Amino acid sequence: NRRVTVRDLIAAKERGEKWPMLTAYDAMTASVFDEAGVPVLLVGDSMGNCHLGYDTTVPVTLDEMTMLSAAVVRGTSRALVIGDLPFGSYQEGPVQALRSATRLVKEAGVGAVKLEGGERSLAQTELLVQSGIPVMSHLGLTPQSVNTMGYRVQGRGDEDAHRLVRDAKAAEAAGAFAVVLELVPAELAAEVTRSLHIPTVGIGAGAACDAQVLVYTDMMGLTPGKMPRFVKQYADLRAQMVSAARAFSEDVVGGTFPEESHTFH
Ligand code: KIV
Ligand code: NA
């Protein structure tokens, strides 16, 4: 009954087995996904958008990541918990990256970290892996670069496609144990998946990836507004929670809650 490890995920690729990953930002939700048998939970810096009320992932701090990652670790016993290195916590160089990742490992107890960029994060990935911290790389659309990149499909056109393949190979050579591909044409994601020994984790990257990840608030129907095309909605929790909160409010205002069964004498 041990936790899933990064070696289990690489072995799964060798056996041709796909695996799911969901984000989680708190102990309660993480315990639900652990109970469901989801093997890998990502404490994504998407928490900035879907948990902390920021407009982007850019403002998320290492303190916030550490606190919520610790909660996710406490809420789970089986899943591998991966913590995102937030914007500004690794771009200065390998030493800063090691200091930040070490906090997530020691204070929060994560089993691995994720950082954005292939070649541009090569030195960071190498030092973390050499130091004993497994690294997941994140390529394609990298939301921490929203101010230069915007939010659109990446790797279209020969030059961009070649750069993505180079980045993925650089991440693997630096010792990354997996590569997230976000918003990448399916054909390109399939090519990257074939050319790596480590697993690819797709989000908006087609069906050929070795694993798939979704932001849990999107797939559970909690996120307000229109969802991107790559999201499949598996539940409608927002509507259920709105109607439950309304029903409670009406009961209290109308004096029908609490009932005798909820009352002590
Ligand atoms: O922060 C996040 O949720 C992510 C996933 C979309 C891969 O980085
Ligand atoms: Na992220």
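Residues checked against (1) surrounded by 11 or more Cβ atoms within 10 Å (Cβ to Cβ); (2) within 28 Å of Phe177 (Cα to Cα):
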{"residue": "Ala207", "(1), (2)": "no, yes"}
{"residue": "Val215", "(1), (2)": "yes, yes"}
{"residue": "Gly221", "(1), (2)": "yes, no"}
{"residue": "Val231", "(1), (2)": "yes, yes"}
{"residue": "Gly255", "(1), (2)": "no, no"}
{"residue": "His262", "(1), (2)": "no, no"}
Counting only residues in segment 1-51 that are among the polar types (S, T, N, Q) and under 26 Å from Thr142 (Cβ atoms), the one surrounded by the most Cβ atoms within 10 Å (Cβ to Cβ) is identified as Thr23
Among Glu182, Glu116, Glu92, the single one that is within 16 Å of ligand 2 (Cβ to nearest atom), among the acidic types (Asp, Glu) and closer than 20 Å to Glu64 by Cα is Glu116
How many residues of segment 39-61 are in a loop (DSSP other than H, G, I, E, B) and near ligand 1 (Cβ under 8 Å from one of its atoms)? The answer is 4
Considering segment 173-186, residues that are in a helix (DSSP H, G or I) and in contact with a helix residue (DSSP H, G or I) (Cβ under 9 Å, 6 or more places away or on another chain), and then whichever is surrounded by the most Cβ atoms within 10 Å (Cβ to Cβ), we arrive at Ala174
Flagged pairs (Cβ under 7 angstrom, 6 or more apart or on separate chains; first in segment 106-123, farther than 16 Å from Glu182 by Cβ and at pLDDT 95 or above; second among the hydroxyl-bearing types (Ser, Thr, Tyr) and within 16 Å of ligand 2 (Cβ to nearest atom)) are Glu107/Thr66; Ala108/Thr66; Ala108/Ser69; Val110/Ser69
When restricted to Gln130, Gln144, Gln124, the only residue closer than 23 Å to Ile10 by Cβ and either buried (at least 24 other Cβ atoms within 10 Å of the Cβ) or touching a strand residue (DSSP E or B) at 6+ places or on another chain (Cβ under 7 Å) (or both) is Gln124
In segment 1-46, anything of a type in the set (A, V, I, L, M), touching a residue at least 12 places away in the same chain (Cβ under 8 Å) and more than 24 Å from Leu62 (Cβ to Cβ) is listed as Val4, Leu9, Ile10, Ala12, Val38
Q.
Given the condition closer than 26 Å to Leu128 by Cα, over 16 Å from the mean Cα position of the chain (by Cα), within 16 Å of ligand 2 (Cβ to nearest atom) and not basic (Lys, Arg), answer yes or no: does some residue in segment 67-88 qualify?
A. yes
Exactly one of Val146, Val153 is out of contact with any Cys (no Cβ under 9 Å at 6 or more places or on another chain) and within 16 Å of ligand 2 (Cβ to nearest atom), and that one is Val146
Notebook entry, point to check: Can you spot a residue in segment 81-101 that is modelled with pLDDT under 95, surrounded by fewer than 20 Cβ atoms within 10 Å (Cβ to Cβ) and within 16 Å of ligand 1 (Cβ to nearest atom)?
Noted result: no
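The values are calculated or read from the model by the stated rules, or taken from the named source; none is laboratory data. Here the structure is a predicted model, which means the values were calculated and not measured. Please note: Cβ atoms are built from the backbone with ideal geometry, for glycine as well, and neighbour counts cover all protein chains shown.
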